[in-house]
């Protein structure tokens, strides 16, 4: 009877709270809205919030979102006008309000948890604007879709705009008419720093153009700074960092960089700006001690597999191809009794075993994964095989991409070769292309490596050169796809050193030789054929 009363007493309308940590101290509600106290952004708006939705009696799932109260720029300030003491029922607000979840994945996750009927009921009570179709407007806010709150707040980021356009189909269980991000577009960089023009020649009718574009050049030419401007320009529809012509329709911007470069990719002005999702390559970068990062990524992939993201089976397929002699093992809590004769490792379940189970059993297995212990790889089912730093970076990239990549995304990647052995670079490029194919996405990579350039057609290669203090962007004169790395290196970097070490050593050989025949006897096994020919020319010239 008490349980029945508890369910009956759950409040329907959303409740505004001062703090997320106080949720369980309040009378149960179908949903809570927690405004995030932020400074006003460059359009004098502060609409960010957390929307907590009741899944079971004591479990709430939290989503990032936006909340606007009629004609008010700060949600927190508008709610505080009601002189709240911890909470305010939306029915007590003086004006109407509207909300929206921040990304398409949140709508998809809510749909999976609650089903279509309950999801629509909850979002209707939240006045979620993504449900609106046919030009309808939120209650008592007739010009909402022309308001600053909607245009410069709710849909400022590419990610939230994609959510607004697609949420209705997601919560009705309909397939998305995904846009393939491959199309030709140009970018003019603005503001301080590099002011380059880039022409990206993506073309879905030309298989050799692929889904990857490259920016390459010597140190100090502005590659990373250019990537940072591109990321900000793509993520923020109001950005003044880049002017994009024929801008493709896309969902989100996912950035992979090195720890030292983070500051360049973050918004430099007031808080609340639209921004990309930023991750680092460095496997040794500091992480939260609350869980093993790779295990947590695995759980995220398992739980989030749906129409919007690559599935656990896709991850398994890539791991089998790239780590073909190894098997991934998943740590399980001690209460879960592993029955897997293929390996003797205590409380570890093989990914093969997990995927061979039915959907219901898999969902149960996910709840028993031990987040505090690492994933391991075993060879021949028994020997634990530690991964190198390069392999860990490679694995971390794969799993981070899978757990975060939504459909029609843009990947921005800075110098992946810094944490990869040359033999891994081609594997990295191949795997990246598979992720891009699975999600109808594209990638722009800054690099020093001719091994990266070799995987891309010259139409997609942008060479930054600085000659006599004038910096330009041009295409290679040679076809780079499948070309020799030495030829690519010579084409891109040239040879601008006045004197090389080997030339000084050749001069030393000349000084210590009576003739070229004498030099040949002394140094034939120590110098290359090209170096010996250079030595011969020098000695004959000075004879």
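Between residue 490 and residue 360, what is the label-to-label distance in nm when each label sits 7 Å out along the Cα-to-Cβ direction?
6.7
Is the shape of segment 411-463 best called rounded, prolate or oblate, per the rule: a/c under 1.5 gives rounded, else a/b larger than b/c gives prolate, else oblate, with a ≥ b ≥ c the square roots of the Cα gyration tensor eigenvalues?
It is oblate, given that a/c is not under 1.5 and a/b is not larger than b/c.
Nearest 5 is fine: what % of DSSP beta bridges in segment 2-171 come out antiparallel, could you say?
The answer is about 80 percent antiparallel.
At a Förster distance of 22 Å, what's the computed FRET efficiency of residue 501 paired with residue 389, Cβ-Cβ distance as r, to 0.05?
Once the sixth-power term is evaluated, E becomes 0.15.
Would you mind listing how long segment 309-447 runs along its three principal axes, going by Cα atoms, in whole Å with the largest first?
47, 31, 24
So what is the calculated 222 nm ellipticity per residue for the chain, using -39500 (n - 2.57) for each DSSP H run with n of 4 or more, over all residues, to the nearest 500 deg cm²/dmol?
After summing the helix terms and dividing by the residues of the chain, the value is -10000 deg cm²/dmol.
Calculate the tail of P(r) for segment 366-520: the fraction of all Cα-Cα distances greater than 19 Å, expressed in %.
The answer is 69 percent, as a whole percent.
To test your reading of the geometry: what angle, between 0 and 90 degrees and rounded to tens, separates the Cα axis of helix 293-304 from the longest principal axis of the chain?
Compared with the principal axis, the helix lies near 50 degrees.
How far apart, in nm, are two points set 7 Å out from the Cα along the Cα-to-Cβ line at residue 64 and at residue 468?
Each label point is offset 7 Å from its Cα along the Cβ direction, giving 4.8 nm.
Computed from these coordinates, which is percent of Cα pairs over 45 Å apart: (1) 13; (2) 27; (3) 32?
Computing percent of Cα pairs over 45 Å apart and matching it to (1) 13; (2) 27; (3) 32 gives (2).
Between residue 27 and residue 77, what is 0.36 nm times their sequence separation minus the Cα-Cα distance? Round to one decimal in nm.
15.7 nm
Any number yet on Rg/Rh for segment 45-144, C-alpha, Kirkwood?
A ratio of 0.96.
List 245, 426 from most exposed to least, where exposure is judged by having the fewest other Cβ atoms within 10 Å.
Least to most surrounded, the residues fall as 245, 426.
How would you rank 67, 49, 466, going from fewest to most other Cβ atoms within 10 Å of each one's own Cβ?
Going from least to most buried by this count: 466, 49, 67.
Rounded, prolate or oblate: which one fits segment 501-541, using the alpha carbon gyration tensor with axes a ≥ b ≥ c (rounded when a/c is under 1.5, else prolate when a/b beats b/c, else oblate)?
Rounded is the answer for segment 501-541, as its axis ratio a/c remains below 1.5.
Note the angle between two axes, namely the Cα long axis of helix 422-439 and the longest principal axis of the Cα atoms of the chain, as a number of degrees from 0 to 90, rounded to the nearest 10.
So the helix axis and the longest Cα principal axis differ by about 30 degrees.
Rounded, prolate or oblate for segment 365-428? Axes are the square roots of the Cα gyration tensor eigenvalues, ordered a ≥ b ≥ c, and the cut-off for rounded is a/c under 1.5.
Note, shape of segment 365-428 comes out oblate.
If you count the DSSP beta bridges with both ends in the chain, what percent of them are antiparallel, to the nearest 5?
Close to 65 percent.
If you line up the Cα atoms of segment 2-171 on their principal axes, what length do they span on each, largest first, in Å?
48, 38, 26
What ranking do 257, 278 get, fewest neighbouring Cβ atoms within 10 angstrom at the top?
278, 257
What number, in percent, do you get for the relative contact order of segment 2-171 if the mean sequence gap of Cα pairs under 8 Å and at least 6 apart is divided by its residue count?
20
Given 0.36 nm per residue, what is the gain on full extension from residue 321 to residue 534 after removing their alpha carbon distance, in nm?
72.1 nm
Under the definition of Cα pairs under 8 Å and six or more residues apart, what whole-number percent is the relative contact order of the chain?
For the chain, the relative contact order is 13 percent.
Every number here is computed from the coordinates shown, using simple stated rules; none is lab data. Just so it is clear, the structure is predicted and the values come from calculations on it, not from any experiment. Virtual Cβ from ideal backbone geometry, glycine too; neighbours counted across all protein chains shown.
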